[in-house]
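Quick note: the coordinates plus some simple rules give every number you see, no bench work behind them. Every value quoted in this text rests on a predicted model; they were computed, and no experiment measured them. Every residue, glycine as well, gets a Cβ built from its backbone with ideal geometry; the counts of neighbours run over all protein chains shown.
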Amino acid sequence: MVEVFHALVYAHIAVGAVGLLAFWVPIVSKKGGSNHRWWGKVFTWSMLITGAIAVGISTCTLIEPRETHPKIEDVSLIVGIFGWMMQYLAILTINLAWYSWQCVLNKREHARNQDWRNVGLQIVLLGAAINCAAQGILIGQHLMIGISVIGFATVATNLYFIYKSAPGRMDWQYEHIKGGVGAGISVYTAFFAFGAVRLMPELALSPVLWAIPLTTGIVLILYHWRQVSRRHGSATRTAGAVG
């Protein structure tokens, strides 16, 4: 099990690093352009694979906590943070990356967003968020409780859009941005926090460290939402003038 754990960690770092770098190309490139589309696919697939590997890593941790993390004495901390919370973050990353992709694929056929995989991921994430919060309560880790709120908010807003009977013409873009940037936030948070365990263990559970990617991501989401709104408003005014 330990050998499998270490192999998964190396694969996680390699694939995750690709996603961490690819994330910025769709952010800064022309929306809808070839670079945006191609690197967006690279980012999406790297997030899906990275998240799946992280589920494997967290499962190994839950099965053999001491063997996989011999330098940490508190077994409850290992199980809570490196087991349940990491598994929750992995599922959150998969959920957001898949959801963002589906918003683009189904922009002209909104009903297809109700595909069983898309809806199923919301149910799985809800369960993972509830478990993360419950485990945090059991071991007195407020960070686990706080970060579970992101999962609850994600499920609520995703399902609202998925089952929205008459979405606005640009709603899919807002949701695509939320999901894509959200997946980036999730993976950067995991890399910052779990990477810090090896380099600076005393900072691993620092709220400040965890807040950096979250704050950056929220700013990026709001900025790009505003850009979409401005472009939509400009196009509407132009169409009105022509008409």
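Compute the Cα gyration tensor for region 117-199, then decide on rounded, prolate or oblate, letting a ≥ b ≥ c be the square roots of its eigenvalues: rounded whenever a/c is under 1.5, prolate when a/b is larger than b/c in the other cases, and oblate in all that remain.
Taking the square roots of the gyration eigenvalues as a ≥ b ≥ c, region 117-199 is oblate.
Relative to the longest principal axis of the chain, what angle (0 to 90°, nearest 10) does the C-alpha long axis of helix 2-22 take? Roughly 30 degrees between the two axes. Quick check: the angle from helix 171-199's long axis to the longest principal axis of the chain, C-alpha only, nearest 10 degrees? So the inclination is approximately 20 degrees.
Placing +1 on each Lys and Arg Cβ and -1 on each Asp and Glu Cβ, with no other charges, gives region 2-232 a dipole about its Cα centre of roughly 1300 debye. So for region 2-232, averaging the separation of alpha carbon pairs under 8 Å that are six or more residues apart and normalising by length, what relative contact order in percent results? About 18 percent, as a whole number. Using a Cα distance threshold of under 29 Å, what count of lysine pairs results for region 2-232 when pairs must be 8 or more residues apart or interchain? Counting lysine pairs in region 2-232 gives 14. What the Cβ-Cβ distance of Ile145 and Leu209 gives, at R0 = 25 Å and to the nearest 0.05, is a FRET efficiency of 0.90. Computed with the Debye formula from one identical point scatterer per Cα of region 2-232, without solvent, the log10 of I(q)/I(0) at q = 0.18 Å⁻¹ comes to -1.37.
For the chain, the longest principal axis of the C-alpha atoms and the axis of helix 86-105 are separated by about 20°.
In percent, rounded to a whole number, the relative contact order of region 18-90 is 26, using alpha-carbon pairs under 8 Å and six or more apart.
Label separation (Thr216 vs Glu73): 3.4 nm, computed from points 7 Å beyond Cα along the C-beta direction. Taking trypsin sites (Lys or Arg not before Pro) across region 1-92, the ones in a DSSP loop with at most 10 further Cβ atoms lying within 10 angstrom of their Cβ are Lys30, Lys71. For the options Ser46, Ser100, Ser165, a Gaussian network treatment of the chain with springs between C-alpha atoms closer than 10 Å singles out Ser165 as fluctuating the most. Here the Karplus curve 6.51 cos²θ - 1.76 cosθ + 1.60, taken at θ = phi - 60°, turns the phi angles of region 74-81 into couplings of 7, 5, 5, 5, 4, 5, x, 7 Hz, with x standing for Gly and Pro.
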